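Asker: The structure follows.
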Amino acid sequence: LVKRHLQLIVTQFAEGDTLLFIREVTDRVRTEQMRRDFVGNVSHELRTPLTVITGYLETLLTDPEKLPRTYVRALEQMQGQAARMENLLKDLLWLSRIEATQGQEKHELVDMAALLYELQDEVSGTFPGRELNLELLCSDTIRGDHRELYSAVSNLVYNALKYSKEGSPVIAAWRKEGEYCRLDIRDQGVGIDPVHFPRLTERFYRVDDSRSASTGGTGLGLAIVKHVAAAHDADLGIDSTLGQGSTFSLRFPATEQSSGDQGHAEAGR
Ligand code: ADP
């Protein structure tokens, strides 16, 4: 039995007529699946040799005084690049995992406010001198996957921190908006020219290569956010002004447990 994939397109006209199209997309789905598997497998296979290389570099650098200075500098450079490659493979594997589970129903109930507190603590530990300010105006839970949501929100928060100066505020605002729950991550950093908006969530797309490379990102952060949003039926919104800052929003459908605004407003815990 061959599994076939069909796409149903519904077009509704103002006069009240409805047109249904059914299109076979089996080939497209298969090619996409092959691409995903290939990227996932290659990333997985590259991890083992990389772990061996990092292990040897660590051993060589345990006693740097015994080595000529030029060797130490070269080995440290290699260690830095190996760490970058490790992050890249980690993000690629994570992205293919999220893509593979797309479409599966999510059963967990995720408390967004608790997730943001968790992230706030992580930020204080990893970005000395910076903090994540919280505006919590909603106590609703989200039906979803905690790990995926945490990775999406932390990517947005780390971007906000990376692309803004020390001392400039980064805010996560969680509130109810009609039938939806909305999370805004706001910064007053470098901002983005709107011409880049359509391509921002593509894998490896960067506004300014030299600046982005120096911030140590992998170029996969927003691609991860886009896929997590899609897997949670959420809309990703981007609003930014060059030189003034950016707001990235995730708008989730409310769960049936939603109890409306609880109003436990809190800023900059
Ligand atoms: P990276 O790892 O390069 O940060 P991302 O996919 O997370 O990759 O982001 C893609 C690009 O979008 C970044 O390289 C950066 O140019 C731009 N960008 C993302 N978030 C922000 C932000 N908050 N402020 C300014 N530019 C941003």
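All of the numbers you see were taken from the coordinates with simple rules; none came from a lab. Just so you know, these numbers come straight off a predicted model, no measurement behind them. Don't worry about glycine lacking a Cβ; one is built from the backbone with ideal geometry, like all the others, and counts go over all protein chains shown.
Asker: Would you pull out the residues with amide H under 5 Å of residue 203's amide H, same chain only if 5 or more places away, H placed 1.01 Å from N?
Answerer: none
Asker: Taking the Cα atoms of the chain, report the difference between the largest and smallest coordinate on each principal axis, in whole Å and largest first.
Answerer: Projected onto its principal axes, the Cα set of the chain covers 81, 55, 37 Å.
Asker: Add +1 for every Lys or Arg and -1 for every Asp or Glu among the other residues with Cβ under 12 Å from the Cβ of residue 78, and state the total.
Answerer: Residues close to residue 78 contribute a combined charge of 0.
Asker: Given points 7 Å out from each Cα along the Cα-Cβ axis, report the residue 85 to residue 6 separation in nanometres with one decimal.
Answerer: Placing both labels 7 Å beyond Cα along the Cβ direction yields 4.8 nm.
Asker: If one computes the Cα centroid of the stretch 36-75 and of the stretch 97-146, what distance in Å separates the two points?
Answerer: Measuring centre to centre over Cα atoms gives 32 Å.
Asker: Compute the relative contact order of the chain as a whole-number percentage, counting only Cα pairs closer than 8 Å that sit 6 or more residues apart in sequence.
Answerer: Relative contact order here is 19 percent.
Asker: On to the next question. For the chain, list the DSSP H helices whose alpha carbon atoms reach 30 Å or more along the long axis and whose average Kyte-Doolittle value is -1.0 or above? All intermediate terms of the calculation are to be shown ahead of the outcome.
Answerer: On the way: long enough: 26-60 (51 Å, -0.51); 69-101 (48 Å, -0.37).
Helix filter hits for the chain: 26-60, 69-101.
Asker: Determine which aspartates and glutamates satisfy two conditions relative to residue 90: a Cα distance under 14 Å, and not lying fewer than 8 residues away in the same chain.
Answerer: 45, 148
Asker: Could I get the Rg over Rh figure for the stretch 156-248? Both from C-alpha atoms, Rh via Kirkwood, rounded to two places.
Answerer: 0.95
Asker: Between residue 42 and residue 133, what FRET efficiency follows from the Cβ-Cβ distance if R0 is 41 Å, with the result rounded to 0.05?
Answerer: 0.55
Asker: Sticking with this structure for a sec: Could you compute Rg(Cα) / (2.2 N^0.38 Å) for the stretch 29-165, with N its residue count?
Answerer: Normalised by 2.2 N^0.38 Å, the Cα Rg of the stretch 29-165 equals 1.38.
Asker: Would you mind checking 3/106; 66/165; 176/226 for any pair whose Cα atoms are more than 32 angstrom apart?
Answerer: As for pairs spanning more than 32 Å Cα to Cα, those are 66/165.
Asker: How big is the C-alpha Rg of the stretch 100-167 next to the rule-of-thumb value 2.2 N^0.38 Å, as a ratio? Don't jump to the answer; show the numbers that get you there.
Answerer: Numbers: Rg = 13.6 Å, N = 68, 2.2 N^0.38 = 10.9 Å.
Ratio of Rg to 2.2 N^0.38 Å for the stretch 100-167: 1.24.
Asker: Per the helix-only calculation at 222 nm, which mean residue ellipticity applies to the chain, given -39500 (n - 2.57) for every DSSP H run of n ≥ 4 and division by its residues, nearest 500 deg cm²/dmol? Working shown, then result.
Answerer: On the way: 6 runs with 117 residues, N = 269.
Dividing the helical sum by the residues of the chain leaves -15000 deg cm²/dmol.
Asker: What's the ranking of 234-241, 49-56 by average number of surrounding C-beta atoms within 10 Å, highest first?
Answerer: Put in order of decreasing packing, that is 234-241, 49-56.
Asker: At a 10 angstrom cut-off on C-beta neighbours, averaged per residue, how do the peptides 68-78, 191-201 rank from highest to lowest?
Answerer: 191-201, 68-78
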